[in-house]
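Enquirer: Supplied in structure tokens, the structure appears directly below.
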Amino acid sequence: MRLITVAGSPSVGKTSVILRASEILRQEGLKVGIAKFDSLSTSDDKLYAQKSFPVAVGLAGALCPDHYFVSNVEDCMAWGQRQELDILISESAGLCNRCSPHIGGVMAVCVVDALAGVHTPKKIGPMLRLADLVVITKGDIVSQVEREVFAYQTRLANPGARALFCNGITGQGAADLARAIHQAPETDVLEGARLRFPMPAAVCPYCVGETAIGETHQRGNVKKMRFNDRSEAA
């Protein structure tokens, strides 16, 4: 079975491009399933079910979606094997730009939105910089110049990744994504595999339910800002 991790910020079009690519893969005789991770709620599983794709859903709730993903992805693998899938696509929750849901030896896809601005790629951390493939959505809404600049900035952020445009509504570009997924390496087991980059730290009191504000309540991994109070006036 091939495991594919697909990650991206909220509302960039992850589900749409996964659906388009999965339909093409199914036409090629492959059985595709999706493990959908989200934070508080999701209706994306209904979209997959409408297209008759096997789908499992995990909601992180109060936990960091990335930490929740790592704690459950091995069980998702076992579920996919029981379903006798050829390809299991793990769709992340809409993640912050610091998140890192990619695994060594497992094909990693980052979905970005061309509407977010041409400087967005350099603001995204390991989720984009360590991906194998970057899928750019909503390119039909911006100008040709903006598309080219956005793709250029994406290549600067991750020179080793292939970047392609995909339209989740029309399906344009989905065949290229499906072809890349089809050529991904197989994943037998995840035990002993390693993340490509450490997760964001989660060891402060607010991680475990603290709501009070003030230095007396701030313990553990706390990072403070530095301010320059010198006047800039002449």
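Enquirer: Going highest first, how would you order 46-52, 104-110 by mean Cβ packing within 10 Å?
Expert: 104-110, 46-52
Enquirer: Here's another thing I want to ask about it. Helix 65-82 versus the longest principal axis of the chain: what is the Cα-based angle in degrees, 0 to 90, to the nearest 10?
Expert: Tilt relative to the chain: about 20 degrees.
Enquirer: Next up: Looking only at segment 79-206, where both bridge partners belong to it, what percent of the DSSP beta bridges are antiparallel (to the nearest 5)?
Expert: 10
Enquirer: Quick one: which of Lys36/Lys123; Lys46/Lys122; Lys14/Lys46; Lys31/Lys138; Lys123/Lys223; Lys14/Lys122 span more than 22 angstrom between C-alpha atoms?
Expert: Those over the limit are Lys36/Lys123; Lys46/Lys122; Lys31/Lys138.
Enquirer: Show me the ranking of peptides 91-101, 67-77, 203-213 by mean Cβ neighbours inside 10 Å, starting with the highest.
Expert: Put in order of decreasing packing, that is 91-101, 67-77, 203-213.
Enquirer: For the chain, rounded, prolate or oblate, judged on the Cα gyration tensor with a ≥ b ≥ c (square roots of eigenvalues), a/c < 1.5 rounded, else prolate if a/b > b/c?
Expert: Oblate shape, in that a/c is at least 1.5 and b/c is the bigger or equal ratio.
Enquirer: Further question: Using only the alpha-carbon atoms, how far is helix 14-27 inclined from the longest principal axis of the chain? Give it as 0 to 90 degrees, nearest 10.
Expert: Here the helix axis deviates by roughly 20 degrees.
Enquirer: Could you work out the helix-only [θ] at 222 nm for the chain, with each DSSP H run of four or more residues adding -39,500 (n - 2.57) and the total divided by the number of residues, to the nearest 500 deg cm²/dmol?
Expert: -9000 deg cm²/dmol
Enquirer: In the chain, what % of DSSP beta bridges are antiparallel (nearest 5)?
Expert: If I count the DSSP bridges inside the chain, around 5 percent turn out antiparallel.
Enquirer: Going by alpha carbons, how many degrees (0 to 90, nearest 10) lie between the helix axis of 144-157 and the longest principal axis of the chain?
Expert: Tilt of helix 144-157: around 70 degrees.
Computed from the coordinates by the stated procedures, all read-outs in this text should not be read as laboratory data. Just so you know, these numbers come straight off a predicted model, no measurement behind them. Positions of Cβ are backbone-derived with ideal geometry, glycine not excepted, and every protein chain shown enters the neighbour counts.
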